[in-house]
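Structure first, then comments.
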Amino acid sequence: MVEDAAYPNSSLFAALDDVTAAPVLGAYLDHFAADPGVRAVKNRSLDLLAAASPATVLDLGCGAGHDLTPLASLVGPAGHVFGVDANAGMLALARTRLAPSTPVTLVRAHSHCLPFANASIAAVRCERLLLHDAQPHRTVVEMARAVVPKGRVVLTEPDWGGLALHHPDQSVTDRLLTGFTARNFATPQAGRMLPSLLRSAGLTPVLIEIQPQICDYDLIDMMVEFRDCAFWGEQQGLLSRGQSESWLSMLRSARDKGVFTCALPHFIAVGIKPS
């Protein structure tokens, strides 16, 4: 995960006003979006939107814009996509990835206060945003407000509380990963909260799915940063320096032997606004 000392208890994704963070975050998202497990989740969310044939789609937390062109293809030339993000640098990066004729408007706004009229958007999509939101219910309420009656809200969130990483020293591993999620995510268990978030916002959940993302060593190391995790464990008194190096060595050994095992669950939820 991309961390920064200036943003304690959260990742660099919390740096909403830091334009210089955009290239770092964009490179991270490029690598992440190329993973087959992530692609499968993205494609499933697009399929669920396509089933509703929306004329307008709001991609909330659009980031570097990986999904804006596919969404534009989904709505067709007569439709329109709004890509919303709170980070101006990320929106600037997203703009460079769009063809001039693409029916997409980029909007800088916080998810707790969307600049759209009530019942003005046919469908809303939101991916991996709520885990960075300390008040995710406020974001979902805003989605519900903006979407039309019978409109569809599609949410996809990983659940870091369900991360399964095998290690011979499982108890220490679980403590280190718990510390990682607490430092990097405002709501690390956002995935399992999706049904209740939809209902509390007045939406009717009509579909809940869980897709596992199988993570190889390099991918999960990019997200978790094993050495930083081990160093944090030393700082917290969970590990001595020798134990820290041993913990890291066991992970590398599992990788080299081809027995490294890790999976992260992704929740996909669809809510419909009552007519």
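The values are calculated or read from the model by the stated rules, or taken from the named source; none is laboratory data. No experiment lies behind these values; they were computed from the predicted model shown. Cβ placement follows ideal geometry from the backbone for every residue including glycine, while neighbour counts extend to all protein chains displayed. Keep in mind that these areas ignore ligands, DNA and RNA; they rest on the heavy atoms of the full protein, side chains included. Shrake-Rupley method; radii C 1.70, N 1.55, O 1.52, S 1.80 Å.
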| note | The simple spin-label model distance between ARG39 and SER171, using points 7 Å out along Cα→Cβ, in nm, is 4.2 nm
| query | Relative contact order for the range 77-154: what is it in percent, counting Cα pairs under 8 Å that are at least 6 residues apart? | reply | 31 percent
| query | Which are the unpartnered cysteines of the chain, meaning those with no other cysteine Cβ under 4.7 Å from their Cβ? | reply | CYS62, CYS113, CYS126, CYS229
| query | Each label point is 7 Å from the Cα along the Cα-to-Cβ direction; what then is the distance between the points at GLU245 and ILE210, in nm? | reply | 3.9 nm
| note | Among [x] 59, 47, 39; [y] 50, 46, 40; [z] 61, 37, 32, the value of Cα extents along the principal axes in Å computed for this structure carries the label [z]
| message | Using a Gaussian network model on the chain with a 10 Å cutoff between Cα atoms, which of LYS257, LYS42, LYS150 fluctuates the most? | response | LYS257
| query | Once amide H atoms are placed 1.01 Å from N in the peptide plane, what residues at a sequence separation of 5 or more from ALA119, or on another chain, have their amide H within under 5 Å of its amide H? | reply | ALA146, VAL147
| Global form of the range 13-162, assessed from the alpha-carbon gyration tensor, a/c cut-off 1.5 | rounded
| If you find the alpha carbon centre of the range 186-219 and of the range 240-275, how far apart are they in angstrom? | 17 Å
| Roughly to the nearest percent, how much of the accessible area of the chain is carbon and sulfur, given a 1.4 Å probe? | 56 percent
| query | Taking only Cα atoms, what is the 0 to 90° angle, nearest 10, from helix 136-146's long axis to the longest principal axis of the chain? | reply | 20 degrees
| query | Taking the chain as a Gaussian network, Cα atoms linked when under 10 Å apart, which of ALA34, ALA186, ALA88 shows the biggest mean-square fluctuation? | reply | ALA34
| task | Can you spot the aspartates and glutamates whose alpha carbon is less than 20 Å from LYS150's alpha carbon? Ignore those fewer than 8 places along the same chain. | result | ASP47, ASP59, GLU142
| LYS257: which aspartates and glutamates have alpha carbons under 16 Å from its alpha carbon, excluding same-chain residues fewer than 8 sequence positions away? | ASP216, ASP218
| Let a ≥ b ≥ c be the square roots of the eigenvalues of the Cα gyration tensor of the range 173-216; is it rounded (a/c under 1.5), or, if not, prolate (a/b larger than b/c) or oblate? | oblate
| query | In the chain, with Lys and Arg counted as +1 and Asp and Glu as -1 at Cβ, which of these residues, PHE116, LEU163, ALA230, has the Cα nearest the positive end of the dipole, that is, farthest along it? | reply | PHE116
| Looking at the square roots a ≥ b ≥ c of the eigenvalues of the Cα gyration tensor of the range 71-149, which shape do they give, rounded for a/c under 1.5, prolate if a/b is larger than b/c, or oblate? | oblate
| message | Could you identify which residue out of LEU74, LEU203, LEU251 has the top mean-square fluctuation in a GNM of the chain using Cα springs shorter than 10 Å? | response | LEU251
| request: With θ set to phi - 60°, apply the Karplus curve 6.51 cos²θ - 1.76 cosθ + 1.60 along the range 152-165 and write out the HN-Hα couplings as whole Hz, x wherever there is a Gly or Pro. | output: 10, 10, 10, 10, 10, 9, x, 10, 5, x, x, 4, 10, 10
